[in-house]
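Asker: I'd like to ask some things about the structure below.
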Amino acid sequence: TVTFTISGPGGGTLTAAVDTGGTAAVTTSTLAAGSHSVTAVYSGDANFTTSTDTDTQAVNRAATSTTVTSAPDPSVFGQEFTVTARVAAVPPGAGTPTGTVTFTIEGV
């Protein structure tokens with residue numbers, strides 16, 4: 001088997017069996033944006049010794065899209081209205097963005 005240890009937020013330890021072609025692979029989508037160290041440790045067997053190697057996986061921030069709506073629209077002078085912004089991840093990014101949205105209303 002090969003044990004993969006991935007550093008940083010969303011990382012952890014995953015294990016995979018070595019296939020007949022000598023390859024072991026794991027898949028994850030839990031890593032936070034940033035640089036992550038990935039260490040693979042082959043456990044060895046009756047014929048082969050253990051071995052280790054390390055790689056770096058860069059995870060970029062996902063793109064977002066923002067949609068703004070207001071209601072009621074149109075409104076009349078003195079009437080309250082609500083402005084709403086919806087922020088979403090653009091595929092292949094996933095999840096729900098957090099943070100703040102700044103609204104600028106021109107003509108005020």
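Asker: Tally time: how many residues in region 21-39 are among the hydrophobic types (A, V, I, L, M, F, W, C) and within 14 Å of residue 7 (Cβ to Cβ)? I'd like the intermediate steps shown before the answer.
Answerer: Filtering region 21-39 for residues among the hydrophobic types (A, V, I, L, M, F, W, C) gives 24-26, 31-33, 38.
Retained after the next criterion (residues that are within 14 Å of residue 7 (Cβ to Cβ)): 31-33, 38.
Within region 21-39, residues that are among the hydrophobic types (A, V, I, L, M, F, W, C) and within 14 Å of residue 7 (Cβ to Cβ) number 4.
Asker: Which residue pairs have Cβ atoms under 8 Å apart, sit 6 or more places apart or on different chains, and have a first residue in region 47-58 that is assigned by TED's automatic domain parsing to the domain that holds residue 36 and a second that is among the aromatic types (Phe, Trp, Tyr)?
Answerer: What qualifies is 48/42; 50/42; 51/42; 52/42.
Asker: What about residue 93, is it under 21 Å from residue 30 (Cβ atoms), part of a loop (DSSP other than H, G, I, E, B) and in contact (Cβ under 8 Å) with a residue 24 or more places away in the chain?
Answerer: Details: under 21 Å from residue 30 (Cβ atoms): yes; part of a loop (DSSP other than H, G, I, E, B): yes; in contact (Cβ under 8 Å) with a residue 24 or more places away in the chain: yes.
In short, yes.
Asker: A further question on this structure: Determine which single condition residue 69 fails, assuming it passes every other condition in (1) among the hydroxyl-bearing types (Ser, Thr, Tyr); (2) outside the structural domain of residue 94 (by TED's automatic domain parsing); (3) loosely packed, with under 11 Cβ neighbours inside 10 Å; (4) modelled with pLDDT of 95 or more.
Answerer: (2)
The values are calculated or read from the model by the stated rules, or taken from the named source; none is laboratory data. Every value quoted in this text rests on a predicted model; they were computed, and no experiment measured them. Here Cβ is always computed from backbone atoms with ideal geometry, including for glycine, and neighbour counts include all displayed protein chains.
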